[in-house]
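Colleague: Sharing a structure with you now.
The values are calculated or read from the model by the stated rules, or taken from the named source; none is laboratory data. A quick note: this is a predicted structure, and the numbers were derived from the prediction, not measured. Ideal geometry is used to build each Cβ from the backbone, glycine not excepted, and the neighbour counts take in all protein chains shown.
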């Protein structure tokens, strides 16, 4: 059974810092991996989707990498801003058409 | 950007009552999902739906739950007899393909009293 963990559980940084969020999964046989952002009491906003054949994806200040063989993904946020404060969720899709399995999230606070 | 729409945003019900949560997925999407998130816990999978039938369901999705796509646009989750532990945020998601990005709705906060 696929298990997803995220480290750290919470992170507080001053504005302008570059930061890395980590995601680990137990079964390397995945189809793709998606990073989401969740604001308190709100839905999930898709940030980046990486297919199993890809090594990384970029969108603006965000860069996600995938190392399938080691069961890891990282989300890099450059020049963090207070508006980046949210919970970041990593989710892994084991197979075609299957549901995503979510990690517990990293709660990020960017201080002005 | 296209959106998944969920209604209502909040639902309060008495234990034992039936509730129906509604979702309008993105119009050309083929795969539909329900997830839930109990306060402070992980997002949990409930059920997936493709080609007018359930393709996968979790242990949570017992006989009290059902899903339906009554027309070409709506996707509903019914809980027949709600329990206190059903209190959670329920999210609908859709995807254009089996490999595609998931798009989530903003959720329905269900409170069972």
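Colleague: Please work out if residue A:18 is surrounded by fewer than 20 Cβ atoms within 10 Å (Cβ to Cβ), under 10 Å from the mean Cα position of the chain (by Cα) and over 19 Å from residue B:44 (Cα atoms). Talk me through it step by step, then tell me what you get.
Modeller: On the way: surrounded by fewer than 20 Cβ atoms within 10 Å (Cβ to Cβ): yes; under 10 Å from the mean Cα position of the chain (by Cα): no; over 19 Å from residue B:44 (Cα atoms): yes.
For residue A:18, the condition - surrounded by fewer than 20 Cβ atoms within 10 Å (Cβ to Cβ), under 10 Å from the mean Cα position of the chain (by Cα) and over 19 Å from residue B:44 (Cα atoms) - is not met.
Colleague: Sticking with this structure for a sec: Considering only residues that are touching a strand residue (DSSP E or B) at 6+ places or on another chain (Cβ under 7 Å) and surrounded by fewer than 16 Cβ atoms within 10 Å (Cβ to Cβ), look in the stretch B:8-19 and name the one that is farthest from residue B:75 (Cα to Cα).
Modeller: Only one residue tops the list, namely B:15.
Colleague: Considering the stretch B:90-113 alone, what residues qualify as being more than 7 Å from chain A (Cβ to nearest Cβ) and surrounded by fewer than 22 Cβ atoms within 10 Å (Cβ to Cβ)?
Modeller: B:96, B:97, B:100, B:109, B:110, B:111, B:112, B:113
Colleague: Sticking with this one: Evaluate the stretch B:60-83: report whether one residue or more is in a loop (DSSP other than H, G, I, E, B), within 14 Å of another protein chain (Cβ to nearest Cβ) and under 29 Å from residue A:35 (Cβ atoms).
Modeller: There is at least one residue in the stretch B:60-83 that is in a loop (DSSP other than H, G, I, E, B), within 14 Å of another protein chain (Cβ to nearest Cβ) and under 29 Å from residue A:35 (Cβ atoms).
Colleague: Within the stretch A:52-77, track down each residue that is in contact (Cβ under 8 Å) with a residue 40 or more places away in the chain and assigned to a loop (DSSP other than H, G, I, E, B).
Modeller: Across the stretch A:52-77, the qualifying residues are A:68, A:69, A:70, A:71.
Colleague: If I ask for residues that are more than 14 Å from residue B:89 (Cβ to Cβ) and either at pLDDT 95 or above or within 12 Å of chain A (Cβ to nearest Cβ) (or both), which ones from the stretch B:27-44 would you list?
Modeller: If the condition is that a residue be more than 14 Å from residue B:89 (Cβ to Cβ) and either at pLDDT 95 or above or within 12 Å of chain A (Cβ to nearest Cβ) (or both), then B:30, B:31, B:32, B:33 are the ones that fit.
Colleague: Follow-up question, since we're still on this one. Within the stretch A:30-44, take every residue that is modelled with pLDDT of 90 or more and more than 7 Å from every other protein chain (Cβ to nearest Cβ) and give me the one that is surrounded by the fewest Cβ atoms within 10 Å (Cβ to Cβ).
Modeller: Initially, the stretch A:30-44 is screened for residues modelled with pLDDT of 90 or more, giving A:30-39, A:44.
After this cut, where a residue has to be more than 7 Å from every other protein chain (Cβ to nearest Cβ) as well, the list is A:30, A:33, A:35-39.
On the way: A:30: 21, A:33: 27, A:35: 24, A:36: 24, A:37: 20, A:38: 21, A:39: 11.
So the residue we want is A:39.
Colleague: Can you work out which of the residues in the stretch A:86-112 that are free of Cβ contacts under 8 Å to residues at least 60 places away in the same chain and more than 11 Å from residue A:37 (Cβ to Cβ) is surrounded by the most Cβ atoms within 10 Å (Cβ to Cβ)?
Modeller: Among them, the one singled out is A:99.
Colleague: Go through the stretch A:78-112 and give me each residue that's within 14 Å of another protein chain (Cβ to nearest Cβ) and assigned to a loop (DSSP other than H, G, I, E, B).
Modeller: If the condition is that a residue be within 14 Å of another protein chain (Cβ to nearest Cβ) and assigned to a loop (DSSP other than H, G, I, E, B), then A:94, A:95, A:96, A:97, A:98, A:99, A:100, A:103, A:104, A:105 are the ones that fit.
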